[in-house]
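Data first, discussion second: the structure below is written as structure tokens.
The values are calculated or read from the model by the stated rules, or taken from the named source; none is laboratory data. Everything numeric here is computed off the predicted structure, so don't read it as measured data. We place every Cβ from the backbone using ideal geometry, glycine too, and count neighbours over all the protein chains shown. The protein model used for the area step is the full one, side chains on, heavy atoms only, and it has no ligands, DNA or RNA in it. Shrake-Rupley method; radii C 1.70, N 1.55, O 1.52, S 1.80 Å.
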Amino acid sequence: MLANNDGREYLSEEESEEEDIDDVVEFLESTFKTIEKPGDFAVGSYISTNYGLPGLEILEASTFQSIPLPIVMQEQAKMIIEQSSRAPFGLGEQTVYDDNVRKTWQLNPNQFRITNPNWNTLMSSLILHQVMPGLGIRETKGIGYNLYKLLLYEEGCHFAFHRDTEKEKGMFGTLVIQLPSKYEGEDVIVQHQQKEHKFSFASEAQFKPAFFSFYADCRHQVCPITKGYRICLIYNLTYLGTESIPKAITQETIIKSLLRVFKEWNESQYPPKVVYLLQHKYSKYGLNFTGLKGHDSNVVTLLQQAKAIEDSFEMYLTLFTKHESGGASGGYNDYYDSYSKFEMDGVEETDYTVSNWIDCNNTVVNFPEVAVDEEDVFPNADIDNIDLVKEDVSEHTGNEGATMDRWYTTAALVIWPKSNGNNIYLSLGTNASMQRLQEMMKNITFPLSDTDKNSPLVLHCIKFAIELISRWDTNGEMNLMVDILIKLDHFNLVELFCKQAKPKKIKVMMKLCNCFGWDRLSSFFTPVLEQMVKENISECINIAERLLIDKSNIFNPLIDIITINMLQKQLGETQTTQAPLFNIIFRQNVLSIDDICDFLIILYKTQKSNRIETIVNHLLKRPTLKYLNSLIKKLAEQLGKTAINSQNSFLRLLNYCIDILQIASKPVPLPKDWCLNVKLSCDCSFCKQFETMLNHPVITETALKSNGHNRDHVEKINRYNGHKV
């Protein structure tokens, strides 16, 4: 066994190769326990502008002179250079000056001073909150920082690759504070065990201070300055404790162990998935990968590093819920007339679920709540230490006693082997399965050639898509599935999708028809469109307007269905009543003048004269001037007089309205004989009096000396017999 910087044990590479992995859960649990914050061999970033105000003063003769920042002018740099010396470098036991290796200016700490009274507080905060976490050093360790040099780089200055020597007891690293200055050129390159970090701050160096820090055993290079000046404070980092001095460690051994267990797990696929309970507390809305704390962050970081090397497993952040139910005692007591708090008598049932899924990109994914087995959850001891978030009591009802439910939640990682991904995603539902299918399709080049359509990967995707569609649920995102179907270009899949998912959204149907043709899909979509028109013709006319703009090949079928299946039926073919057409339409709230106008305009724009003629013929079957006049007026306003005059059916409609108006404007001659020659269906005295008036050649009115009831009776008989009086 080996120990890391903090004394914890983990498997050596040799032991890792030899050990058999019998239990995935047990192995992962023991491995995760060994993980401390991996940190890195170097860390750096811009920092608060407070660090750009050290109150720097340089000793000149016997007086300290203030140095204003940022360093942008030659005069400023000259003040420093005049008091500086060339910086040497160590070569074995010797101190060597060689501009080909190192060229820079330096000041010793006794040649300058920092006058900002808050500087030490700022430095302590920087080391505690950025340097130590970045280098993977525990907060419990005592870290010292000692000012070593002030360095000034001008044009042409540099320092070739080298390692820092131990300049004082306990030194383990270097901290560089780059003060505001204006320069051009790359900054620093730090290397360790075939890995490399580059720190480049030139773009904003004039306005922002920065820091970078690294372990002393790392090779690093200061790249040449091509223009301007760069000024830095150099600190030696020392360890104040009695334990071993921190060094730049990597977690390759643990990662190799993880990769090995994932390899074997992919072969066995057992257990199907595992659930790792995180140590820290997170709210439902604050849960994400970047916000993980302490050990949780350490574990995830190593898992992400392992996944980057070999993508052999899937990992999601979730909320783990433990639900307990059982009998309860307490509440109101009739005998004692008292009330006590309910308590659970004992846990009768316990179940576990995971929900609120978040992928490695911090994207909330639409996966359902899923049940998990207790034996697949670790650390198992933590299950009993989860915070209670909800408690619910169902009081006594009849012969049933009171029951209590309790819910406990905590954050958790759900992990499964890549080889079992298909089964897992299919069990998670349609949307999860589509995400899996998209991942599988990433390595396919689209559009597919004829050869590609028969490739093993494409056939594998098609096979998975068949399973996915066969299990389609109502929450499935149809637009996403349609995009997948179009890419795979497999009509049998499209047929299965139409049968199983029964798409009803116009955009979905439009996409599929544009790709695979209306003729091949008409048997699926015609009944859908007919039902849509039947339920809301106004909305379908609006849809037709949008389809006209999109030039979708579903446009013509929809137009035909609106015309034939809706207008022909509702504009009077099956009506037997003699009431005016538009009275029927408006009374039934079927169609408005605006709807008819919009639809006729669509037909006009698409040059469907036959359809226009069909509709106008229906309108003229039982015409009502008021409504036809409104319709032709709206058409003229939107299309213009030229369009009305050039379209025969519109012109017929206009001429009809004109003819009716002309007829209505002529005086109506009075008849010479007012006798209607009728027989009423009632022989009461009042109806006889009324009948006599109707059949008299000269008398045109009569007064019924009767109460209201008898007058209503006469009016009813008259309406029944259909006489215009």
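Points to keep in mind about this one:
- Test: residue in the range 377-394 that is open to solvent by 80 Å² or more (accessible area, probe 1.4 Å) and of a type in the set (Gly, Ala, Ser): no
- Checking Glu184 against (1) surrounded by fewer than 16 Cβ atoms within 10 Å (Cβ to Cβ); (2) under 24 Å from Asp217 (Cβ atoms); (3) of a type in the set (D, E, K, R), the condition it does not meet: (2)
- Helices (runs of 4 or more DSSP H) wholly inside the range 640-725 containing at least 2 residues that are under 60 Å from the mean Cα position of the chain (by Cα): 641-646, 648-665
- The number of residues in the range 94-120 that are open to solvent by 40 Å² or more (accessible area, probe 1.4 Å), among the aromatic types (Phe, Trp, Tyr) and not in a loop (DSSP other than H, G, I, E, B) comes to 1.
- Identity of the residue in the range 465-476, part of a helix (DSSP H, G or I) and under 24 Å from the mean Cα position of the chain (by Cα), that ends up nearest to Leu426 (Cα to Cα): Leu468
- The one condition in (1) assigned to a loop (DSSP other than H, G, I, E, B); (2) in contact with a Lys or Arg (Cβ under 7 Å, 6 or more places away or on another chain) that Tyr148 fails to fulfil: (1)
- Candidates Leu152, Leu128: the one that is within 30 Å of Asp40 (Cβ to Cβ), under 50 Å from the mean Cα position of the chain (by Cα) and open to solvent by 30 Å² or more (accessible area, probe 1.4 Å) is Leu128.
- The set of residues in the range 642-698 that are open to solvent by 90 Å² or more (accessible area, probe 1.4 Å) and in contact with a Phe, Trp or Tyr (Cβ under 7 Å, 6 or more places away or on another chain) contains only Val698.
- Being within 30 Å of Leu480 (Cα to Cα), part of a loop (DSSP other than H, G, I, E, B) and touching a residue at least 24 places away in the same chain (Cβ under 8 Å) holds for only one residue in Asn356, Asn366, and it is Asn366.
- The lone exception for Cys498 - which of (1) touching a Phe, Trp or Tyr at 6+ places or on another chain (Cβ under 8 Å); (2) open to solvent by 70 Å² or more (accessible area, probe 1.4 Å) it fails: (2)
- Of all the numbered requirements in (1) without any contact (Cβ under 8 Å) to a residue 40 or more places away in the chain; (2) within 30 Å of Val365 (Cα to Cα); (3) open to solvent by 80 Å² or more (accessible area, probe 1.4 Å), Lys511 misses one, and that requirement is (3).
- From the list Ser66, Ser45, the lone residue that is within 35 Å of the chain's Cα centre (by Cα), closer than 30 Å to Ser125 by Cβ and modelled with pLDDT of 90 or more is Ser45.
- Looking only at the range 173-209, residues that are over 22 Å from Trp119 (Cα atoms), in contact with a strand residue (DSSP E or B) (Cβ under 8 Å, 6 or more places away or on another chain) and assigned to a strand (DSSP E or B) come to 11 in all.
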